[in-house]
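Structure, as C-alpha cells:
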Amino acid sequence: MIESKELISELSPLIEECGFDFYGISEAVIPETDRKNILTWVQEGKHGKMDWYPKNMDLRLHFKNLGFEPKSVIALGTLYNDLDYDTISKTMSFRFSRYAIGEDYHRVLRRMANPLLQELRKKFPSNQFRQGVDSLPISEKVLAREAGLGWQAKNTNLIHPEFGSYFFISVILTDLPISVAKISVKDRCGTCNACIDACPTNALAPYQIDAGKCISHHTLEDRSEKIPNTFGWIAGCDICQDVCPWNQVKARKKGIQTGREELKSRPIFKESPESILDLDQDGFESIFGDSAISRMNFKMFRRNVELAKEWALENKTF
C-alpha cells in the first residue's frame, strides 16, 4: 500500500503544472453521519425539483455499480474567482453566478486533469482511475472535505482557510489502495451567520440548504413556466458566498483569483453586458453554448431574464 504523502510528493509538481490550486487524498468512504444527512435531506424533499438526485443512491453513498470498487480518492481544487467581475457586475442590472461567466468548468477541469490521469495510468497500469466533475452521482464535496480541501460551512459550501469558497472540485476515484493520513480542517464559521441572514429566500439554516427555496435552483433546475422571485439573478446565485468573510475579507484582500483565463469573464460581460438581456436563441447558444449554463434551455433563459428585468425596474437598478 502506497503512502498518501509519498504519492502527493511525487505527483504535486504535475498536479500544479496541470493548474490545480490545491489537492489532497482521502479514503473512498462517505462517513456515516454524511450518509444519514443526505438520506434525511432527500426524505424531507429538500432537493426541490432535482428529481435526478434521489436516483442511484447506492452509487452516491456507497460507490456501487461504478464498474470497480474505489479504495481512494484524489481531490483537486481549482479557483474560479475573477476579481475583475467585482467591477464588471457593478455596471450590470442583473447578476450571473461567478462560476457561469466563463467556459464550462466540466470541460476545463477534464482538460486540466488529462495529463495527471495519463501519468497515473502509466504508473499504475493494473489499477483503474475515473474522474468526476459533477458528472457522477457521488458526494464530491464530502470527499473533498475528507481530503482536507476545506470545511463544510453554514451555507453548505466548502471553504478553504486560505482561498475561500470560490473553487471547483474534481475527484479522481481509484481502486489503488492508499494509506491516508486524515486531514481535518477546523470549522471556522464560529458564531457568524452572514450567509443565513443574507439569503433573501430563507433557503439556509446552519449547515443545511433547502434547494427548493434556493435562487440557484430556481434559475437552473426548475423548468416550470413560472418560478419565484430571483432577485435579479439570471443564472445561479452567489449571495451566500459574496457575504462570507472568508471571501469578502480574507480572499479579496489577498487578491486571490483564478489563473485560468477560460474561467474568467467572457468578452460580452466586459464589452456590453446589458446586451445579454436581448439575446435571441441563436445569440444565447452562440455565446453561452460552451458555458455551464448551457444546461439551461433558451426558454428558461428568457424566463429568468424577464424576472430579472422586473426586479431591476422595481428596485431601480436600470
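Being open to solvent by 30 Å² or more (accessible area, probe 1.4 Å), closer than 19 Å to residue 308 by Cβ and of a type outside the set (Lys, Arg) holds for only one residue in 245, 228, 267, and it is 228. Of all residues in region 67-85, those satisfying the criterion of being surrounded by fewer than 20 Cβ atoms within 10 Å (Cβ to Cβ) and outside any helix (DSSP H, G or I) are 67, 68, 69, 71, 83.
Matching residues to (1) in contact with a strand residue (DSSP E or B) (Cβ under 8 Å, 6 or more places away or on another chain); (2) modelled with pLDDT under 95:
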| residue | (1), (2) |
| --- | --- |
| 167 | yes, no |
| 191 | no, no |
| 211 | no, no |
| 228 | no, no |
| 240 | yes, no |
| 249 | no, yes |
| 256 | yes, yes |
| 277 | no, no |
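Being more than 16 Å from the chain's Cα centre (by Cα) and among the acidic types (Asp, Glu): is that true of residue 103 here? It is false that residue 103 is more than 16 Å from the chain's Cα centre (by Cα) and among the acidic types (Asp, Glu). If the condition is being within 19 Å of the chain's Cα centre (by Cα) and not in a helix (DSSP H, G or I), then region 207-231 contributes 207, 208, 209, 210, 214, 221, 222.
Does residue 56 satisfy being open to solvent by 60 Å² or more (accessible area, probe 1.4 Å) and either farther than 28 Å from residue 238 by Cβ or at pLDDT below 95 (or both)? When the stated conditions are applied, residue 56 passes them.
Taking the criterion of being surrounded by 23 or more Cβ atoms within 10 Å (Cβ to Cβ), touching a helix residue (DSSP H, G or I) at 6+ places or on another chain (Cβ under 7 Å) and assigned to a loop (DSSP other than H, G, I, E, B), would at least one residue in region 99-118 satisfy it? Yes; the residues of region 99-118 include at least one that is surrounded by 23 or more Cβ atoms within 10 Å (Cβ to Cβ), touching a helix residue (DSSP H, G or I) at 6+ places or on another chain (Cβ under 7 Å) and assigned to a loop (DSSP other than H, G, I, E, B).
Every residue, every condition in (1) open to solvent by 20 Å² or more (accessible area, probe 1.4 Å); (2) not in a helix (DSSP H, G or I), yes or no:
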position: 26; (1), (2): no, yes
position: 37; (1), (2): yes, no
position: 40; (1), (2): yes, no
position: 60; (1), (2): no, no
position: 88; (1), (2): yes, no
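Considering region 260-291, the residues that are not charged (D, E, K, R) and not in a helix (DSSP H, G or I) include one that is farthest from residue 235 (Cα to Cα), namely 272.
In the condition set (1) within 28 Å of residue 263 (Cβ to Cβ); (2) open to solvent by 10 Å² or more (accessible area, probe 1.4 Å); (3) out of contact with any strand residue (DSSP E or B) (no Cβ under 8 Å at 6 or more places or on another chain), residue 51 is compliant with all but (1).
The values are calculated or read from the model by the stated rules, or taken from the named source; none is laboratory data. Note that the coordinates shown come from a computational prediction; the quantities given were computed from them, not determined experimentally. Counting neighbours? That spans all protein chains shown, and the Cβs are built from the backbone with ideal geometry, glycine included. All accessible areas refer to the heavy atoms of the entire protein, side chains included, with ligands and DNA or RNA removed. Shrake-Rupley method; radii C 1.70, N 1.55, O 1.52, S 1.80 Å.
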